[in-house]
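The values are calculated or read from the model by the stated rules, or taken from the named source; none is laboratory data. It should be emphasised that the depicted structure is a prediction, and the values quoted were computed from it without experimental measurement. Here the Cβ positions follow ideal geometry from the backbone for every residue, glycine too, while neighbour counts run over all protein chains shown. Only protein heavy atoms, including side chains, enter the accessible area calculation; ligands, DNA and RNA are left aside. Shrake-Rupley method; radii C 1.70, N 1.55, O 1.52, S 1.80 Å.
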Amino acid sequence: MITGHELREKFATFFTACGHQKIASSSIIPHNDKTLLFCNAGMNQFKDNFTGKANPKNPRAVSIQKCVRAGGKHNDLENVGLTARHHTFFEMLGNFSFGDYFKEEAIVMAWSFLTDELKIPKEKLYVTVHHSDNDALEIWNKKVKIPLDRIFKKGDKDNFWEMGEFGPCGPCSEIFFDHGEENGIPGFVPGKDQDILDDENRYVEIWNLVFMQYEKTPEGKFDLPKPSIDTGAGLERIAAVLQGVYWNYDSDIFAPLIKKIEELTDKKYSDESCKTPIRVVADHIRSATMLITDGVLPSNEGRGYVLRRIIRRAVRHMRELKKSKGSFYLLVPAVFESLGAEYPQNLSNQALAEKLLKGEEEKFLETLDLGIKYFEEAVKKNMKGDTLPGDSLFKLYDTYGFPVDLTETLLLERGHKADMAGFEKAMSRRKEESKKSWKAGANVDTKIYHEAVEKHGETEFLGYRETEHQAKLLAKLDLGDATGLLFDKTPFYGESGGQAGDLGQVLFDSNTMATIIDTQKPLPQLTVHLSKDADALEVGKKYVLRIDKKYRDLTARNHSATHLLQAALVDVLGDHVKQAGSHVDGQRLRFDFTHMKALSKGELKMVEDLVNLQVKNGLAINSKTMGMDEALQEGATALFGEKYGNKVRVIKMGDFSTELCGGTHIENTSEIGLLTLTSESSLATGVRRIEAVTSETAMARLRQRSQYLEKIEGLVKVKGELVIERVENLQADLKNKIKEISTLKEKVQSAGNQDLFDKLVSIGEHSYKAAEIEEGADLRKLSDMFFDKVPNGILLLYSTKKNKAATLLRVSKNITKIDCSKVLNEGLKLLNGKGGGRKDMAQGSGDAGDFGKFESKISELLNQSL
C-alpha cells in the first residue's frame, strides 16, 4: 500500500526527474492577491507566471500545495462529512509549465505517472475534454491509446477552469477513476448515450489538466502571451484509490485523527450514526489548524469569520458525539502526524493553534447554550404562522453557530417550518460584507517591476557590509508622485520584513545629485530607490549611493531589539506567542503578536526587564545563511504565513534569540543601550500590539518624563515619591468638591422649580405635570425629584437652548399602558424632532416651538394610551 506521505514523495520525484523544480507550498493566505479569500489551487502562487508578469528561471515547476475551500467561489464547507471526497482543507499535487510544454507532454506525463509509477489499471481510467478541444481528444486517443468510448466531450460548466472571478483560465481535461459498480448505479455503462458524470459517485475525478490559454479581467477575456499548463490532483483522492477505499476519510491520511476522535469521544467510527460527525471533525481540525498556523485568526469578518464558522461547526459535531467539554484542540497533534513533515513551518506553530482553538471552543460552548435559549424564544415570539423567519434562522447560524439543518430539525420536531428563502437572502448579505473585508481592491500591478527585472536583471544588495557604493543607474521609473531609480547594485535596504527602507543620497563627484526619500522592494529580487529630485540623473552613468548611516543604525538597533522582545514575550507568556506583524524604523519599533488577553503590569515589567538584561549582557549578534530545514532544526523562529526560499538568513543573539530575518542588525545587543515599552494594546481578537523605543529615543523619552515630574513637583510643593500621595489627595479633594457643588446645584434647582410639585392635574387615575424648565436644567434629575414625591404620576419636561428643545416624558413603573418612547416620538413630530428610550422614560429633542401645542399633543396621546 502506498501511503499519503509516499505519494507526496513519488509525485515530486517523478516530475523533478522530468525537469521540474520543486517549489514549496505557499501560505493558505494568498500573497498579494486580493481576488482570493484562500489559496484554493496549486496554481495560485504562479499567477504572475501565467499572465506573463513574471518570468521564472525554470519554466517547469512541481508543488504540493495546501488549499482551503470554505469561502468565495469554491466553497465545500456544507458538503463536508456528507460526501466521500469534499474537504475544507486538502492538498493539491500539481505540475506546471510556464510557456514551455503544452497539451501533449502534460497528458503523456500525467498518464505515465498514474499507470506506470502508481500502477493504476488503465481500464479503470476515463477522460473528459472540452467540447471544442479536438487537439486534446486526439492526443488521448492516438498518442495515449485511450478508446474513444472512454473519452467524453463536456461544456464550459465541467471542462473550462477558472481560478476565480478574474485571473488565468482555459479548457481542461479531467481524468476519472472507476470505483466499481458497487459504488454506483447498478447496470450503468458509460458510452455514447450515457455520460460518466451521470454516475459521479462511481466515476470520480482524480486529476485535472488545465490548458491555460486566457486571462479574465474586468475588461474581458484575453489570450495569454504564452500558453501554459496547470494541473491539479487531489492527494486525498489518489490516496483513496491506491489504498482501495471509497471514502477519502478511510485512507491512512485521516487515520491518526479518527483514532484520536474515537479516544476522546468513546465512540467508534464503525458505528454508522457516528461516521458523519467524526468525518466533519476530522476534516475541520485540519483546516482550522492549518489556517491558524498560517496566520489566520478567528474573527467576525473575512478569513477569520470563515475560520470561526469551521471551528464552531466542528465543535457542534463533537457535542453531537456526546463530548460536551472542550476537547477539539486536543486533536491538533494528530493533524501534524500526517502533515508535519511536509509543512514544518505550520508544525512550529502548533502551540498557537492549541491555545486559540481551546479558547474558541470554550467561548462557543457558552454561546451554544445561549443559542438554544434564543431558539426557544424565537419559536415563541418570531414565528410567522408555522414558519420561523429567515432573519431568525440566520441569527442562529451566524451568532450562535447553529447549522441551518440543525435548526430545521429542531423546528420539524415541533411541527414547524424554516424560511429558507429568507435565510439565503440574509446569508448573501453576510457574504458580501465578508467579501468587502478582504477584497479591498484590485491587485497592485507589478508588471512594471517584473519587466524591469527581465530587462535589467536583479539588484545586487550590498547593505549587510557596506553603507556606500558606486553603482550604475539602469532605469528611471515614473511612479506618479516620485521617480523610481534602479541600480545594478545598492547598499540601500528596501522596505521588507517590517523594516523601513533606507534614506540617503545619490552623489556624483561628491555632489548630491538626488535625495532618496524611501527604498522599496516590490519584488524579492528588485530594489527601487524613490526620489523627487532625480531629474539630473542620467541612465547609464555611475553614481555613488550613500545611505543615511545614523538612520540605518537607529533602525538596526530597533530591529535587533524587536528580536529580543519576541524572545522575551515567548519566555514570559509561552510558546503560543508568534509574530503577527511588525514595523521598525529610526524612531521606534512596533511588534504585533498572538496572545489572548492584555498583559498585566507585572508581565510588561518582566518582558522589559528581560530585554534590558540581554542588552546589558552584550550578546554577540551573528548572521548565517543556511537551508530552511537546518534553520528550523536550530530552533529558528519563522514569521508564520511567510514563504521562504531554499536558503534563509538566520540571525542569532547569543542563546537567547534565533530568527529567520533578512533585515539589518547591529553587531552586539549592548548597542541598543536601553529599551522602554511605551504602549500595549489590542489589535484584533487574539492579537496584541506592543510599541517601544530604544537607545537615543528611549533616553530622550526618559529625560522628557523626568522634566514633567519636576514640573509637577514644583506645582504640588513636594518631591519624589511624595508626589503620588499629594496628587491622590488632591484628586480626592477635587472629587469631594465636585460632589458638594452637584448637591448645591440640585438644591438650587429644586428651590427654583418648586412649582414642579404644584397644580398637578389628572390623566385617568394618575397625577400629571407638564412644565417648561429653565435653560441648562438637568431634566433627568428633576424627574427623580418629582417621582420621589409623586410615586404614581406622569411627568413631561421641556427646556430650550439656542432654538433647540430638549424634552423628557416619564411615568411611574406601575403605569404599564403608556409607552413613553412611542408617545414622545409621535409628539416630537410637531417640533421636527425625535426621541427614544424605555417604556417608562424617554428623552428627545427638536426645534424650539410652541410648548402649549406640544403639551396638548402629548396629553392627547397619553389619554389615548389609557
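Charging the Cβ of each Asp and Glu at -1 and of each Lys and Arg at +1, and nothing else, the dipole of segment 606-678 about its Cα centre rounds to 220 debye.
Once you reduce segment 654-688 and segment 350-414 to the center of their Cα atoms, the two points are 42 Å from each other. Taking every alpha-carbon pair under 8 Å whose residues sit at least 6 apart, segment 297-403 reaches a relative contact order of 26 percent.
Close amide-amide hydrogen proximity is noted between ALA70 and ASP76, each under 5 Å apart and 5 or more residues distant or on a separate chain (H modeled in the peptide plane; Pro and chain starts excluded). Using R0 = 56 Å, the C-beta based FRET efficiency linking LYS145 and ASN668 works out to 0.20. Distances between placed amide hydrogens fall under 5 Å for TRP207 paired with ILE175, all partners being 5 or more residues away or on another chain.
Ordering LEU828, ALA70, SER679 by the projection of their Cα atoms onto the charge dipole of the chain, which places +1 on the Cβ of Lys and Arg and -1 on the Cβ of Asp and Glu, puts LEU828 at the extreme positive end.
Using a 1.4 Å probe on the protein heavy atoms, what percent of the accessible area of the chain belongs to carbon and sulfur? Roughly 48 percent of what the probe reaches on the chain is carbon or sulfur.
Between ASP266 and ALA475, the contour length at 0.36 nm per residue exceeds the alpha carbon distance by 68.4 nm. Excluding same-chain neighbours fewer than eight residues apart, the aspartates and glutamates reachable from LYS417 by a Cα-Cα span under 15 Å are GLU376, ASP386, ASP391, ASP405, GLU408. Shape descriptor for the chain: Rg over Rh equals 1.06 (Cα atoms; Rh from the Kirkwood inverse mean 1/r). Label-to-label distance, GLU772 versus LYS322, with points set 7 angstrom from Cα along the beta-carbon direction: 7.5 nm.
Using DSSP to call loops (not H, G, I, E or B), can you name the trypsin sites (Lys or Arg not before Pro) in segment 252-295 whose Cβ has at most 16 other Cβ atoms within 10 angstrom? Those that pass, being in a loop and sparsely packed, are LYS268.
What you get for the chain, charging only the Cβ of Lys and Arg (+1) and of Asp and Glu (-1), is a dipole of about 2100 debye around the Cα centre. Sticking with the crude label model, points 7 Å out along Cα→Cβ, report the distance from ALA17 to TYR551 in nm, one decimal please. Placing both labels 7 Å beyond Cα along the Cβ direction yields 5.5 nm. With 0.36 nm allotted per residue and the present C-alpha distance subtracted, the ASN832-ASP629 stretch has 65.9 nm of extension available. By the rule of a C-alpha distance below 16 Å, with chain neighbours fewer than 8 residues away ignored, the aspartates and glutamates paired with LYS550 are GLU466, GLU468, ASP502, ASP518, ASP585, GLU667, GLU671, GLU696.
What you get for segment 676-826, charging only the Cβ of Lys and Arg (+1) and of Asp and Glu (-1), is a dipole of about 220 debye around the Cα centre.
Secondary-structure-derived ellipticity at 222 nm for the chain, considering helices only, amounts to -12000 deg cm²/dmol, per-run term -39500 (n - 2.57) for DSSP H runs with n ≥ 4. Quarter the surface of the alpha carbon convex hull of segment 440-509 and you get the mean projected area, 6.3 square nanometres. 3J(HN,Hα) along segment 298-305, derived from phi through the Karplus expression 6.51 cos²θ - 1.76 cosθ + 1.60 where θ = phi - 60°, amounts to x, 7, 10, 8, x, 4, x, 5 Hz, with x in place of Gly and Pro. What the chain shows is 47 Å² of accessible area per residue, with the surface traced by a 1.4 Å probe over protein heavy atoms. Considering only PRO791, SER657, HIS131, and ranking their Cα positions along the charge dipole of the chain that arises from unit charges at the beta-carbon of Lys, Arg, Asp and Glu, the one farthest toward the positive end is PRO791. Here the Karplus relation 6.51 cos²θ - 1.76 cosθ + 1.60, evaluated at θ = phi - 60°, turns the backbone of segment 269-277 into coupling constants of 4, 5, 6, 4, 5, 9, 4, 4, x Hz, with x for every Gly and Pro. Given the pairs LYS22/LYS521; LYS226/LYS489; LYS10/LYS145; LYS737/LYS781, which are separated by over 22 angstrom at their Cα positions? As for pairs spanning more than 22 Å Cα to Cα, those are LYS22/LYS521; LYS226/LYS489; LYS10/LYS145. When the charge dipole of the chain is built from unit charges on Cβ atoms (+1 for Lys and Arg, -1 for Asp and Glu) and taken about the Cα centre, the candidate among HIS31, ALA598, GLN731 whose Cα reaches farthest toward its positive end is GLN731. Of all DSSP-defined beta bridges confined to the chain, some 85% are antiparallel rather than parallel. One decimal place: the segment HIS5-PHE188 gains 62.4 nm when fully extended, by the rule 0.36 nm per residue minus the C-alpha distance.
The string of couplings for segment 40-47 from the Karplus curve (6.51, -1.76, 1.60, θ = phi - 60°) is 10, 7, x, 7, 3, 6, 9, 4 Hz, one whole number per residue in order, with x for Gly and Pro. Placing pseudo-labels 7 Å out from each Cα toward the beta carbon at HIS456 and ARG703 gives an inter-label distance of 4.2 nm. Restriction of the GluC sites (Glu not before Pro) in segment 767-842 to DSSP coil positions whose beta-carbon has at most 15 other beta-carbons within 10 angstrom yields GLU774, GLU775. For the pair segment 779-815 / segment 496-558, the C-alpha centres are spaced 69 Å from each other. Less than 5 angstrom separates the built amide H of ILE621 from those of ASN668, THR669, all sequence-distant by 5 or more or on a different chain.
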